[in-house]
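*Asks:* The structure under discussion is supplied below as structure tokens; questions concerning it will follow.
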Amino acid sequence: GRYLGQNYLNGTLPSNIGTNRPNNWRFFSVYDNKLTGSIPLNMRLRNAYQLDFSHNQFEGEIPSDINEENYSKLRMLYVCHNHLNGRIPSSLMEMKKMKVFYFNDNMLAGGIPEVGDAELARNLITIRAQHNQLSDPVPNGLCDLDVNKKYGELIELSVDCSICNECDICKSRCYS
């Protein structure tokens with residue numbers, strides 16, 4: 001993998017990450033730099049289990065091609081503490097191996113997408129989406145993945161209190 005975190009990098013990420021040669025990078029991290037622009041589409045990081053773009057100054061939307069078809073091994077996605085806007089792509093909630101999402105501290109709108117198939121989302125452990133501009137209530141299907149209920153593994157669902165709904169797992173840890 002490539003860990004490029006905390007290197008005082010600035011500028012934009014090239015759109016050809018991972019395309020120069022075949023790679024088997026298991027992780028890619030640019031954590032805590034000063035990178036700007038958008039997170040590129042069409043990155044060739046298909047074998048990654050962790051992508052970390054957190055604590056930068058990225059703008060634009062979460063790339064729509066981060067989905068099951070292109071990133072079937074992905075378990076952790078960190079895009080927190082940026083300036084991302086738009087909606088959280090619904091395709092993220094259909095990723096079979098996904099365990100951790102950090103969307104917090106951006107300018108994302110809409111809501112956390114409904115879980116399309118509870119069986120697919122059963123591995124989710126942590127979702128952090130607080131401090132955004134989300135306005136849609138937390139979907140009931142997501143609340144049902146609470147580890148204290150019969151079905152899921154979700155132990156953390158951090159959102160703003162205004163969208164928590166009647167979801168026990170986020171009521172215990174919501175942000176004003």
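The values are calculated or read from the model by the stated rules, or taken from the named source; none is laboratory data. Remember, it's a predicted structure, so these values are computed and weren't measured experimentally. Cβ: placed from backbone, ideal geometry, glycine included. Neighbour counts: every protein chain shown. Accessible surface areas use protein heavy atoms only, side chains included; no ligands, DNA or RNA. Shrake-Rupley method; radii C 1.70, N 1.55, O 1.52, S 1.80 Å.
*Asks:* Rg to Rh for region 72-118: what is it, with Cα atoms only and Rh by Kirkwood?
*Replies:* A ratio of 0.96.
*Asks:* Using unit Cβ charges (K, R positive; D, E negative) and no other charged atoms, how large, in debye to the nearest 20, is the dipole of region 1-97 about its Cα centre? Write out the running numbers ahead of the final one.
*Replies:* Numbers: 11 positive and 8 negative charges, 84 e Å.
Here region 1-97 has a charge dipole of around 400 debye.
*Asks:* For Cα extents along the principal axes in Å, which listed value, (i) 71, 31, 27; (ii) 47, 31, 23; (iii) 76, 33, 31, comes from the coordinates shown?
*Replies:* (ii)
*Asks:* Mean 1/r over all different Cα pairs, inverted: what Kirkwood radius does region 89-176 give, in Å? Mind dumping the intermediate values first?
*Replies:* Working: mean 1/r = 0.0795 Å⁻¹.
Over region 89-176, the inverse of the mean reciprocal pair distance is 12.6 Å.
*Asks:* While we're on this one: Which of the peptides 50-59, 7-16, 84-93 is most tightly packed, and how do the rest follow, going by the mean number of other Cβ atoms within 10 Å of each residue?
*Replies:* Values: 50-59: 20.7, 7-16: 12.2, 84-93: 18.5.
Final packing ranking: 50-59, 84-93, 7-16.
*Asks:* Determine the dipole magnitude for the chain: charges of +1 sit on the beta-carbon of Lys and Arg, -1 on that of Asp and Glu, nothing else is charged, the reference point is the Cα centre, and the result goes in debye to the nearest 20.
*Replies:* 780
*Asks:* A further question on this structure: In terms of Cα to Cα distance under 28 Å, which lysines are near enough to K73, apart from those fewer than 8 places away along the same chain?
*Replies:* Counting by Cα, and skipping residues close in sequence, K73 has these lysines nearby: K34, K96, K97, K99, K149, K150.
*Asks:* Could I ask something else about it? Please give the per residue accessible area of the chain, computed with a probe of 1.4 Å over protein heavy atoms only, in Å².
*Replies:* The answer is 49 Å² per residue.
*Asks:* Among G152, L51, N23, whose Cα projects farthest towards the positive end of the dipole of the chain, with charges put on the beta-carbon of Lys, Arg (+1) and Asp, Glu (-1)?
*Replies:* Most positive-ward Cα: N23.
*Asks:* I would also like to ask the following. Roughly speaking, to the nearest percent, how much of the chain's 1.4 Å accessible area is carbon and sulfur?
*Replies:* The value for the chain is 45 percent carbon and sulfur by accessible area.
*Asks:* Among K99, K149, K34, which one moves the most in a GNM of the chain with springs linking Cα atoms closer than 10 Å?
*Replies:* K149
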